Amino acid sequence: MKKVIIGNWKMNKNREEAIALVSDLDNKISDKNVEVVVAPPFIYLEAVKRAAKNISIAAQDTFWEESGAYTGEVSPVQLKDYCSYVLVGHSERRKYQKETNEEIANKVKAVSSVGLIPVLCVGEDLEQRNSGNTEQVLKEKIEEGLSKITNQDLENVIIAYEPIWSISTTENRKDCTVQDAESAAVLIDKIIKTKFGENNARVFFGGNVNPENAEGYLQSNEYAGALVGGASLNAKKFLEIIEKVG
Ligand code: PGA
């Protein structure tokens, strides 16, 4: 299966910049061994999609109901025309919007039931890691996040391991070595297998992936792709990361 690299633009870029960035990337992507995905803010999904011929699109979030009186929300059914992936449970949403595992489970279910691919983001913070709770935190986030889907839905689910302590904007961040990342992937595989048995769920890495360190994560057999934040805002850097898939 092709490796996948998702660029999460978060709350960055204006309309003109968003179109310029995706167009620039789209013209330069030639490597058919990798699927490149960008996740622009909702408001630019349509414009970015129009400019993307070789690039897939992700939404950064969704609501779980199909339609109704939910001011400010966007449903997976509405997103379906614009994207193929949806990020769910990103650590920034868990922090600022206080998203719970139960809400996240509803979102994962809603996304997979319309045929989109949920990218369930999980990871521990430094305090949890230092107190030896990494496995417990990952277990809770994964088991609860996936609690509403079936074994069959799992075929199309991506788990993004994003150690919060290594995300580029985390204060006093630390590097997550490839070895640390691989140990976490082994834990994640174990957690998913215990719950669902043999499965084809893919695991991606995210946390300050940049041109200097991308090779290690992307060449690892444990990881089927990467979720890139800051470095995806710059076409040159993002293309350098894409080249590292090899
Ligand atoms: P970063 O962000 O690459 O800037 O660390 C990753 C993420 O939060 O998805």
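Could you do me a favour and compute the accessible area per residue for the stretch 1-49, 1.4 Å probe, result in Å²?
52 Å²
Tell me whether the chain comes out rounded, prolate or oblate; compute the Cα gyration tensor, take square roots of the eigenvalues as a ≥ b ≥ c, and use a/c under 1.5 as the rounded threshold.
It comes out rounded by the Cα gyration axes.
Return an integer: the convex hull volume of the alpha-carbon atoms of the stretch 66-168, in Å³ per residue.
Taking the convex hull of the Cα positions in the stretch 66-168, it is 110 Å³ per residue.
By how many nm would the segment from Asp81 to Ser147 grow when fully extended, if each residue of separation counts as 0.36 nm and the alpha-carbon distance is taken off?
21.1 nm
By how many nm would the segment from Glu155 to Lys236 grow when fully extended, if each residue of separation counts as 0.36 nm and the alpha-carbon distance is taken off?
Between Glu155 and Lys236, full extension yields an extra 25.9 nm.
Would you list Leu25, Leu239 from the most to the least accessible area, probe 1.4 Å?
Leu239, Leu25
What accessible area, in Å² to the nearest ten, does a 1.4 Å probe give for Ile158?
Rounded to the nearest 10, that gives 0 Å².
Run the 1.4 Å probe and let me know the accessible area of Arg15, rounded to the nearest 10 Å².
The accessible area comes out at roughly 130 Å².
With the dipole of the chain worked out from charges on the C-beta (+1 for Lys and Arg, -1 for Asp and Glu) around the Cα centre, which of Ser166, Gln136, Ile43 lies farthest toward the positive end?
It is Ile43, whose Cα lies furthest towards the positive end.
Out of the total accessible area of the stretch 125-246 (probe 1.4 Å, heavy atoms of protein only), what percent is carbon and sulfur?
Carbon and sulfur atoms account for 42 percent of the accessible area of the stretch 125-246.
With every protein chain left in place, what is the accessible area per residue of the stretch 76-170 in square angstrom, probe 1.4 Å?
For the stretch 76-170, the solvent-accessible area averages 43 Å² per residue.
Gaussian network model of the chain, Cα springs within a sub-10 Å range: biggest mean-square fluctuation belongs to which of Glu99, Glu66, Glu127?
Result: Glu127 has the largest fluctuation of those listed.
Run through the stretch 29-84 and list the chymotrypsin sites (Phe, Trp or Tyr not before Pro) located in a DSSP loop whose Cβ has at most 14 other Cβ atoms within 10 Å.
Tyr70
Could you sort Lys2, Lys32 by accessible area so the largest value comes first, with the probe set to 1.4 Å?
The ordering from most to least exposed comes out as Lys32, Lys2.
Please report the relative contact order for the stretch 54-193, taking Cα pairs under 8 Å with a sequence separation of at least 6, and give it as a percent rounded to a whole number.
Worked out over the stretch 54-193, it gives 21 percent.
The values are calculated or read from the model by the stated rules, or taken from the named source; none is laboratory data. All values derive from a computational prediction rather than experimental measurement. Neighbour counts are summed over all protein chains in view; Cβ atoms, including those assigned to glycine, are modelled from backbone coordinates with ideal geometry. The protein model used for the area step is the full one, side chains on, heavy atoms only, and it has no ligands, DNA or RNA in it. Shrake-Rupley method; radii C 1.70, N 1.55, O 1.52, S 1.80 Å.
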